[in-house]
Amino acid sequence: MIKIKNNFINEVANGNIYGYKVIDIFGFNSLISESESADVWEGGGKYVYDVYGTAPIESLVSNDNTDNVPIKITGLNIEGIEVEQIVNLNGSTRVSLNIPLWRIFKMENDGASDLKGCVFCYTGTGNVPNIGDNTIRCIIKGNNNKSLMGIYTIPKGKTGYLVKGEFGIEFTGNVGAGTNYATCHYESRRINKTFKVKKKISLITLGCSLYTDKRSFPDPIPELTDIKLVVDEVSENIGIWGAFDILLKDNNL
């Protein structure tokens, strides 16, 4: 059985091995209703993807006028190359990204004070959106100070290796209490292809409310592949979290 040795992963995580990088993705959807299928991200519902060769993600704003901290944004530019930028919030007044994006997969507070409201990164140049709007591509909810989205795209020039994945039921108050279940799956889509289900699992609150898939053979994932965690069905209104770890390698190695 082939395995990636822990000391290798540790050295990559510490930035000591050229051309490799560890990606840790964590997503959370606090409330999924019985009647919906939803992706695991804070925007709720199904995530909207933009067409390759465009970069419509260009705006940042908070719904609280006192939020004026720098936000670190990680995503892919119009060519699919990973870029990182820091954009200063101006409260509820929209500001432009330094580099418009095709994909976004992480935002985090890079300042010294907690966020008060929700921060939205979105397409177009409109005003402050609301959760559920189809222009939203990433959210930070208040003092989380970081986006929580189980959605990722392999950057151009990289190959990803899926090492581990997890799903779990979130117990918030009485939500999720009792004998309830959720069916979930991980899916991916090659560039210009369709999404395909890679693994499907079920969770139950009285029994197995956590699922971990540690791969014996890491799946190689080519550049520009979209990956996401999806909830197919829940037995009552419930919260779901999910995570996956990917080892990225430069294709020119």
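The values are calculated or read from the model by the stated rules, or taken from the named source; none is laboratory data. Values in this document were obtained by computation on a predicted structure and should not be read as measured data. No Cβ is skipped: glycine too gets one built from the backbone with ideal geometry, and neighbour counts run over all protein chains shown.
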Quiz item: Do we find that Ile204 is at pLDDT 95 or above and touching a Ser or Thr at 6+ places or on another chain (Cβ under 9 Å) in this structure?
Solution: no
Quiz prompt | Residues located in segment 209-228, provided they are surrounded by 15 or more Cβ atoms within 10 Å (Cβ to Cβ) and outside any strand (DSSP E or B) | solution = Ser209, Glu223, Leu224, Thr225
Quiz item: Only one residue in Glu166, Glu82 is among the charged types (D, E, K, R), closer than 30 Å to Leu247 by Cβ and outside the structural domain of Ile240 (by TED's automatic domain parsing). Which one?
Solution: Glu82
Exercise. For Thr172, state whether it is modelled with pLDDT under 90, outside the structural domain of Val83 (by TED's automatic domain parsing) and more than 19 Å from the chain's Cα centre (by Cα).
Key: yes
Practice problem: Kindly check whether there is at least one residue in segment 125-142 that is acidic (Asp, Glu), surrounded by 14 or more Cβ atoms within 10 Å (Cβ to Cβ) and touching a residue at least 40 places away in the same chain (Cβ under 8 Å). | Solution: no
Practice problem: Could you identify the single residue in Lys156, Lys141, Lys72 that is under 28 Å from Asn192 (Cβ atoms) and among the basic types (Lys, Arg)? | Solution: Lys156
Quiz item: hydrophobic (A, V, I, L, M, F, W, C), over 21 Å from Ser188 (Cα atoms) and touching a Ser or Thr at 6+ places or on another chain (Cβ under 6 Å): does that describe Ile32?
Solution: no
Quiz item: So Gly242 clears everything in (1) assigned to a loop (DSSP other than H, G, I, E, B); (2) touching a Gly at 6+ places or on another chain (Cβ under 7 Å) except one condition, right? Which one?
Solution: (1)
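Run down Ser35, Ser30 and say which single residue is without any contact (Cβ under 8 Å) to a residue 24 or more places away in the chain and in the same structural domain as His185 (by TED's automatic domain parsing).
Of the residues listed, the single one that is without any contact (Cβ under 8 Å) to a residue 24 or more places away in the chain and in the same structural domain as His185 (by TED's automatic domain parsing) is Ser35.
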Exercise. Tell me, please, whether a residue that is outside the structural domain of Ile99 (by TED's automatic domain parsing), farther than 19 Å from Ile240 by Cβ and part of a loop (DSSP other than H, G, I, E, B) can be found in segment 194-208.
Key: yes
Quiz item: Within segment 121-157, which residues are hydrophobic (A, V, I, L, M, F, W, C), under 14 Å from Tyr47 (Cα atoms) and at pLDDT 95 or above?
Solution: Cys121, Ile136, Cys138, Ile139, Leu148, Met149, Ile151
Practice problem: Would you mind finding the one in Thr159, Thr135 that is touching a Gly at 6+ places or on another chain (Cβ under 7 Å), of a type outside the set (Asp, Glu) and farther than 18 Å from Ile238 by Cα? | Solution: Thr135
Quiz prompt | strands (runs of 3 or more DSSP E) (entirely within segment 1-114) containing at least 2 residues that are under 18 Å from the mean Cα position of the chain (by Cα), buried (at least 19 other Cβ atoms within 10 Å of the Cβ) and among the hydrophobic types (A, V, I, L, M, F, W, C) | solution = 20-32, 57-62, 70-76, 103-109
